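Q: Before we start, here is the structure in question, set down as structure tokens.
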Amino acid sequence: MTASAYEAAVLDFRRRKDEHFAAGRGPVDPAAFAGLSYFPPDEAWAFTVLLDPLPQADAGAEWTLETNTGETRTMTRIGQVQLPLPHGERTLLVFAPLGEDRPERVFIPFRDATSGEATYGAGRYLDAPLDRQLGGDGALVRVDFNLAYHPYCAYGDGWTCPLPPRENWLPDAVTAGERLS
């Protein structure tokens, strides 16, 4: 995909999300909604990497995530990804809903050096598509930080949101995706 085609696709995704929220199908009052804020699209923050699955003995391991309300959420940890970020390679844990043996998308909650400054303090989320064309347990994951978003609890009370585990706290600033106004 050319840089301009990539940017157009990211901007279209963001436009559709704003329309969704403005129509009252999100966590904000549509009457007061003026659109979300984002870092400029930058394809350097998009990676297609190999999902490093858990060893067979640990496959389907349950993982408990804390939430902003003190409750817990249990998910399936399906593996991890190694990302070639600008300040060095980093590893993030990858999750799926309980009971999904072969999910089409995975959940990657993370914090980074922008958390609490330019982005929501508790962190952001990525929903990353899996490509299983490798066969067997192998899969590629499209980790695109330009699509990183704030959890609903960033917009107001009344939402229970999983918090990124300490393993997914990045020391680097991820200047891509949704940001605070």
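The values are calculated or read from the model by the stated rules, or taken from the named source; none is laboratory data. Computed from a predicted model, the values in this text were never measured in an experiment. Quick reminder, even Gly has a Cβ in these numbers, built from the backbone with ideal geometry, and neighbours come from all protein chains shown. Accessible surface is based on the protein model in full, side chains and every heavy atom, while ligands, DNA and RNA are left aside. Shrake-Rupley method; radii C 1.70, N 1.55, O 1.52, S 1.80 Å.
Q: What is the sum of charges around GLY35, taking Lys and Arg as +1, Asp and Glu as -1, for the other residues whose C-beta is under 13 Å from the C-beta of GLY35?
A: +2
Q: Can you send over the carbon and sulfur percentage of the accessible area for the chain, probe radius 1.4 Å, protein chains only?
A: Looking at the chain in its full context, I get 51 percent from C and S.
Q: Another question, if that's okay. Order of 140-153, 114-127 by packing, highest average Cβ count within 10 Å first?
A: 140-153, 114-127
Q: Tally the DSSP beta bridges in the chain and give the antiparallel ones as a percent, rounded to 5.
A: The antiparallel fraction comes to roughly 95 percent.
Q: Note the listed values (1) 9, 35, 38, 16, 2, 0; (2) 10, 40, 33, 13, 3, 0; (3) 10, 40, 40, 10, 0, then indicate which one is P(r) over Cα pairs in 10 Å bins from 0, in percent calculated from this particular structure.
A: The calculated read-out lines up with (1).
Q: From the helices alone, meaning DSSP H stretches of at least four residues, give me the mean residue ellipticity at 222 nm for the chain, per-run term -39500 (n - 2.57), in deg cm²/dmol to the nearest 500.
A: So the helix-based figure for the chain works out to -4000 deg cm²/dmol.
Q: Search the structure for amide H atoms under 5 Å from the amide H of TYR38, placed 1.01 Å from N in the peptide plane, and list their residues when 5 or more places away or on another chain.
A: The list, which skips near neighbours in sequence, is ARG179.
Q: Something else about it: Can you compute 3J(HN,Hα) from phi for each residue in region 153-166, using the Karplus curve 6.51 cos²θ - 1.76 cosθ + 1.60 with θ = phi - 60°, rounded to whole Hz and x for Gly and Pro?
A: Once θ is set to phi - 60°, the couplings for region 153-166 become 5, 5, 9, x, 6, x, 10, 10, 10, x, 9, x, x, 3 Hz.
Q: Between LEU85 and residues 5 or more places away or on another chain, which pairs have amide H atoms under 5 Å apart, with H built 1.01 Å from N, and which residues are they?
A: Placed amide hydrogens put ARG90 under 5 Å from LEU85.
Q: While we're on this one: If contacts are Cα pairs under 8 angstrom and at least 6 residues apart, what is the relative contact order of region 34-181 in percent?
A: 31
Q: Next up: What accessible area per residue comes out for region 7-163, rounded to a whole number of Å², with a 1.4 Å probe?
A: Spelled out: the 1.4 Å probe surface of region 7-163, per residue, equals 51 Å².
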